[in-house]
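Encoded as structure tokens, the structure appears first; notes follow it.
Coordinate-derived values only; no laboratory data. Treat the numbers as computed from the prediction; the structure is a model and nothing was measured. For neighbour counting, all protein chains shown are included, and Cβ atoms are generated from backbone atoms with ideal geometry for every residue, glycine included.
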Amino acid sequence: KVAAIRRFAVELIQAGNSFDEAESLALRLGGREDFHYVSAYNDPYVIAGQASIGFELGRQLEGPLTVVCGVGGGGLASGLGLWAATRSDVRIVGVESAASTALSASVQAGRQISMTIGPTLADGLAGNIEPGSVTIDLVGRYVHDLVTVSEDEISSAIRYLALERGVVAEGAGAVSVA
């Protein structure tokens with residue numbers, strides 16, 4: 001991922017050893033005049049872009065549909081949930097790693113809850129939720145179910161996708177299969 005980012009004309013700043021540490025710095029830098037931080041999940045335009053996946057699914061598939069997606073901060077699930085709210089025949093299920101359940105805990109509490117995040121193959125979904133994130137309410141209102149999967153289930157899903165489907169997926173991409 002880092003090598004791919006370095007190919008663009010951007011200043012790459014790496015900070016900390018976790019998403020939470022990197023996001024904390026990004027939020028601080030985003031408040032400066034010379035930086036603009038776009039959250040990967042807590043941004044209305046990002047969420048609207050994620051919703052476009054639902055419209056594509058709707059054009060390609062007949063209902064009823066159950067759409068299963070990985071959740072970290074909840075941007076994808078929020079967008080899909082908003083799209084699903086326009087249809088009576090669509091159900092959205094979000095999937096978290098059992099090692100990183102900050103979103104489901106926050107949804108259950110109705111406010112941002114910080115959790116201890118464990119190591120996970122689904123590192124692209126791991127981390128806490130930014131305070132004040134709109135995704136907590138959106139996921140709570142529009143996502144039909146949130147489930148967790150174990151590291152063994154994620155590992156099995158990665159293996160299944162590679163051996164049976166010829167798809168190389170990282171853990172965050174395999175949680176919905178898990």
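Annotations
- Loop-located trypsin sites (Lys or Arg not before Pro) in segment 1-70, at most 14 other Cβ atoms within 10 Å (DSSP): LYS1, ARG7, ARG32
- When the chain is treated as a Gaussian network with alpha carbon springs shorter than 10 Å, the biggest mean-square fluctuation among ASP137, ASP43, ASP89 belongs to ASP89.
- Helix-only mean residue ellipticity at 222 nm for the chain, each DSSP H run of n ≥ 4 adding -39500 (n - 2.57), per residue, nearest 500: -13000 deg cm²/dmol
- Sparse-neighbourhood loop sites, trypsin sites (Lys or Arg not before Pro) in segment 102-178 - DSSP loop, at most 14 other Cβ within 10 angstrom: ARG111
- Once the Cα gyration tensor of the chain is diagonalised, semi-axes √(5λ) in Å: 25, 21, 18
- Residues whose amide H comes within less than 5 Å of that of VAL68, counting only those at least five positions distant or on another chain, are VAL93 (H built at 1.01 Å from N in the peptide plane).
- Loop-located GluC sites (Glu not before Pro) in segment 45-144 (DSSP state not H, G, I, E or B) with no more than 10 neighbouring Cβ atoms inside 10 Å: GLU62.
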